[in-house]
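Trainee: I'd like to ask you about the structure that follows.
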Amino acid sequence: MTDTAATSNNFVAKIVEEDLASGKISKVVTRFPPEPNGYLHVGHAKSICLNFGLAQQFGGDCFLRFDDTNPEKESQEYIDAIQDDVRWLGFEWVGDVRYSSDYFDTLYDYAVELIKAGKAYVCSLTAEQAEEYKGDFNRPGKPSPFRERSIEENLDMFARMRAGEFNDGEHVLRAKIDMASGNMNLRDPILYRIRRIHHHQTGDKWCIYPTYDFTHGQSDALEGITHSVCTLEFEDHRPLYEWFIDNLPVPAKPRQYEFGRLNLNYTVTSKRKLKRLVDEAVVAGWDDPRMPTISGMRRRGFTPRSVRNFCHMIGVSRSDGMVDVAMLEHALRDDLNKHAPRAMAVLNPLKVVIENLPEDHLEMLKADYHHELELGQREMPFSREILIDQDDFKEEYSKKFKKKFTPGKRIRLRHSYVLEAVDYDKDEQGNVTLVRAKLIENTLGQDPADGDKPKGVVHWVSASHAVEAEVRWYERLFTSPTPDKGEGDFMDNVNKDSLSVRTAWVEPALAKAQAEQVYQFEREGYFVADRFDHSTEKPVFNLTIGLREDKSLSQPTPEKE
C-alpha cells in the first residue's frame, strides 16, 4: 500500500537528494500554489502528491499558497474547497495558509525598483494595439511608443495608477526586456493592470493588481522555496521567472523545475471547460461524481489512498503524455477490493417464495463485512419471501447458465441456505414474476447431506425487510477518448446518458451507512453512500465502479520517468 509518505525516485526527488547531499540546500521547501478560480482536478492531485510528498520524503516543509492575482474569477468557495481537497488527500501544509496577496505591498515596491532601474515603464497602448505591437512567432515585436518614457514620468504615472486616477485598462506597467525575443513571454510582459475589483483577501485596498507571472516567482523567493515545481506549460515562462529573480532584491533565488502534466483519456481537465460544464448545467456542480475534480471523485467514492496510489503508479516524467483512465480505475478497484466492506443489494428484483417455510418465519443471520479484514458483522433478516436478481433465474437449464437458478436446480443464497427452484409464475408478456422454491434443510454454512451441491451463489435480500434506496448509475462523461481534440466543440462529445437513477432494494444495515462509506454490493459493483444526500430515511448510493475492468480500454501503462 502506498501512503502519503511514499518514497519516490522521480527526477525531481533525485535533484532534491543531490542538492541536500551537496549542501546546496539544508532543507527542502516546496509549495502547492493553486489559483482559486475553480475546483481542483485530478491533475492537481498529482501536483499535490509531488510537492507534499517531496517535503515528507526529505523532512522538509510544504506551504499552501493561493496565487490570487485575478479576483474577478476567484472566490472564497474555491479557497475553502481547495483546502478541503488537500486535507482529504491526506496532507497538511506548514503554518498558515498563504496568499500571494500577502505580498502585494512588497510586489508594488519591487515594481517601483524596476522603474527606477529603467527596466519597467507605463504603457498606454490599447489592448488591440499592444497585441499588434507584440508580433508573433514568425514576426518580431516592435517597441511601444511609450517605452522610452522617463523614469520620473513612469514613477508618477504608476503612483497615479495605484491612486485610482485612471480608468480600467487605460494603462499597464510593463517590464522592459526584449521585443525581438523568440520567447514571447520576454516581449515586455505586463506587470500590473488597472482593475477596480473587490479582492477576497485585501478588499478594496488595491485598484491595480500584479500579473501571475510577476507575482509567482517573487512569492516563491519571499517564502524561501528551494524547488519551485510546476507543470510543463510553464517551461517557456522560466526565463521570465529568472529575469525577475535576477533583477529584484529578493531574499532567495529558487529554481523552477517542470514536469509533465497529467492528461487522462475520456477526460477534460481545463478549469475553463470544467466551469462551462457547471455553468451550462451539464453536470450538477463542481462536485458532481462525473467530474474529474477531486471533490467529484470524492463524491463518486474514490478514496484518498486510491488517488495517492494512482499518482505514485504513473510517476513523474519530464514530458507530457496521455494516461489511460483504466489505470486510475485499476488503482481505485484494487484499493476497494482490499478495503471496502461487503453488503447485498438487489437492483433488478425478482421475488422468491420459499414454500416450505411458515409465513411468519424470521431468522436473523450474521455475516462478516469483509472476508479478510476485521470490519465487524451485520445482521440480515431471512424470511419466507426474498428478492433475488432477475438475471439469476432462467426458465430452462443450459450449460451457458448452469450456475443460475432453474426449476429442479439448486443455488446457495449468499451467507444463507441452499434453495431449490420448484416452479414460477409469468405475466401476460411472458416475464417471470415470481419463483417458488424450497429450502434444503441443514444447509446453513454447509452443503446438502444428499450430495446434490448447489451450482452457484446468488445475492438476496428479505422482501419484507429490505430498504428501498436510490442508486445513481454513472457512466463516463464523454464518449470520445480525446473529447477536447480535433474538430468541433468538446461539448459535442458529452455522453447524454452518463447518469441514470435507479431503485434498489438493500439490506437494512445499508440504510445506516455513514456518508462517503463505500461498499461492495456483492456481484454488482462498488457503491458509495452519497456525501450529501444519503440518509437513513432515504438511502442514496452512487455507483463508484464496476467489479471488473472494461476490456475495451487498453491496459494501463505508467509514464516513463
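The values are calculated or read from the model by the stated rules, or taken from the named source; none is laboratory data. The model shown is predicted, which means the values in this text are computed figures rather than measured ones. Cβ atoms come from the backbone with ideal geometry, glycine included; neighbour counts cover every protein chain shown.
Trainee: Picking from Ser101, Ser124, which residue would you name as being hydroxyl-bearing (Ser, Thr, Tyr) and within 25 Å of Asp220 (Cα to Cα)?
Mentor: Only one candidate passes the filter, namely Ser101.
Trainee: Could you please find all residues in region 275-312 being out of contact with any Gly (no Cβ under 7 Å at 6 or more places or on another chain) and over 15 Å from Val42 (Cα atoms)?
Mentor: Scanning region 275-312 gives Arg276, Leu277, Asp279, Glu280, Ala281, Val282, Val283, Ala284, Gly285.
Trainee: Here's another thing I want to ask about it. Could you give me the residue pairs with C-beta distances under 9 Å whose first residue belongs to region 43-59 and is under 20 Å from Ala21 (Cβ atoms), whose second residue is of a type in the set (Lys, Arg) wherever it lies, and which are 6+ apart or on separate chains?
Mentor: Close Cβ pairs (under 9 Å, with a partner that is of a type in the set (Lys, Arg)) amount to Gly53/Arg308; Phe58/Lys27; Gly59/Lys27.
Trainee: All but one of (1) within 27 Å of Gly203 (Cβ to Cβ); (2) touching a helix residue (DSSP H, G or I) at 6+ places or on another chain (Cβ under 8 Å); (3) of a type in the set (Ser, Thr, Tyr) hold for Ser75; state the number of the condition that does not hold.
Mentor: (2)
Trainee: Then there is this: Arg196 - would you say it is loosely packed, with under 14 Cβ neighbours inside 10 Å, part of a helix (DSSP H, G or I) and not acidic (Asp, Glu)?
Mentor: It is false that Arg196 is loosely packed, with under 14 Cβ neighbours inside 10 Å, part of a helix (DSSP H, G or I) and not acidic (Asp, Glu).
Trainee: Starting from region 96-117, keep only residues that are closer than 13 Å to Val250 by Cβ, then list their pairs with residues that are surrounded by 14 or more Cβ atoms within 10 Å (Cβ to Cβ) and of a type in the set (Val, Ile, Thr) whose Cβ atoms are within a distance under 9 Å, requiring at least 6 positions of separation or different chains.
Mentor: Close Cβ pairs (under 9 Å, with a partner that is surrounded by 14 or more Cβ atoms within 10 Å (Cβ to Cβ) and of a type in the set (Val, Ile, Thr)) amount to Tyr103/Thr215; Leu107/Thr215; Tyr110/Val250.
Trainee: Right, Ala252: of a type in the set (A, V, I, L, M), out of contact with any helix residue (DSSP H, G or I) (no Cβ under 7 Å at 6 or more places or on another chain) and not in a helix (DSSP H, G or I) or not?
Mentor: no
Trainee: Which condition breaks for Trp93 when tested against (1) under 25 Å from Gly321 (Cβ atoms); (2) of a type outside the set (A, V, I, L, M); (3) part of a loop (DSSP other than H, G, I, E, B); (4) touching a Phe, Trp or Tyr at 6+ places or on another chain (Cβ under 6 Å)?
Mentor: For Trp93, the failing item is (1).
Trainee: Just to be sure before I move on: is Arg412 crowded, with 18+ Cβ neighbours inside 10 Å, among the basic types (Lys, Arg), out of contact with any helix residue (DSSP H, G or I) (no Cβ under 6 Å at 6 or more places or on another chain) and within 20 Å of His361 (Cα to Cα) in the structure I sent?
Mentor: Taking the combined requirement at face value, the residue satisfies it.
Trainee: Same structure, new question: Considering Asp105, Asp84, which residue is at pLDDT 95 or above, within 30 Å of Gly285 (Cα to Cα), out of contact with any helix residue (DSSP H, G or I) (no Cβ under 6 Å at 6 or more places or on another chain) and in a helix (DSSP H, G or I)?
Mentor: Selected residue: Asp84, the only one of Asp105, Asp84 that is at pLDDT 95 or above, within 30 Å of Gly285 (Cα to Cα), out of contact with any helix residue (DSSP H, G or I) (no Cβ under 6 Å at 6 or more places or on another chain) and in a helix (DSSP H, G or I).
Trainee: Kindly indicate whether any position in region 35-52 is crowded, with 21+ Cβ neighbours inside 10 Å and over 22 Å from Phe302 (Cα atoms).
Mentor: Yes, region 35-52 contains a residue that is crowded, with 21+ Cβ neighbours inside 10 Å and over 22 Å from Phe302 (Cα atoms).
Trainee: Can you go through Lys394, Lys351, Lys403 and tell me which one is touching a Gly at 6+ places or on another chain (Cβ under 7 Å), assigned by TED's automatic domain parsing to the domain that holds Asn442 and not polar (S, T, N, Q)?
Mentor: Result of the check over Lys394, Lys351, Lys403: Lys403.
Trainee: Of everything in region 157-180 that's closer than 24 Å to Glu242 by Cβ and small (Gly, Ala, Ser), which residue is surrounded by the fewest Cβ atoms within 10 Å (Cβ to Cβ)?
Mentor: My answer is Ala180.
Trainee: Follow-up. Name the single residue that is nearest to Lys403 (Cα to Cα) among those in region 420-435 being under 46 Å from the mean Cα position of the chain (by Cα) and surrounded by 12 or more Cβ atoms within 10 Å (Cβ to Cβ).
Mentor: That would be Val435.
Trainee: Of all residues in region 456-509, which are small (Gly, Ala, Ser), free of Cβ contacts under 8 Å to residues at least 40 places away in the same chain and under 18 Å from Gly546 (Cβ atoms)?
Mentor: Ser500
Trainee: Also: Condition (residue is small (Gly, Ala, Ser), farther than 22 Å from Arg305 by Cα and free of Cβ contacts under 8 Å to residues at least 12 places away in the same chain) applied to region 25-40: is it met by at least one residue?
Mentor: Yes - at least one qualifying residue is present in region 25-40.
Trainee: Oh, and also: Before we move on, is Thr215 within 30 Å of Lys142 (Cβ to Cβ), touching a Ser or Thr at 6+ places or on another chain (Cβ under 7 Å) and among the β-branched types (Val, Ile, Thr)?
Mentor: So Thr215 fits the description; yes.
Trainee: Then there is this: Taking region 108-123 as the region of interest, how many residues are in a loop (DSSP other than H, G, I, E, B) and of a type outside the set (Lys, Arg)?
Mentor: Going through region 108-123 one residue at a time, the tally reaches 2.
Trainee: Can I ask one more? Could you identify the single residue in Lys24, Lys73, Lys46 that is at negative phi, touching a Gly at 6+ places or on another chain (Cβ under 9 Å) and modelled with pLDDT of 95 or more?
Mentor: Lys73
Trainee: Additional query: How many of the residues making up region 199-228 are closer than 18 Å to Gly164 by Cα and in a strand (DSSP E or B)?
Mentor: Residues meeting the conditions: 5.
Trainee: Would you say Phe527 is farther than 30 Å from Asp360 by Cα, part of a strand (DSSP E or B) and either modelled with pLDDT of 95 or more or of a type in the set (Lys, Arg) (or both)?
Mentor: Against the criterion (farther than 30 Å from Asp360 by Cα, part of a strand (DSSP E or B) and either modelled with pLDDT of 95 or more or of a type in the set (Lys, Arg) (or both)), Phe527 qualifies.
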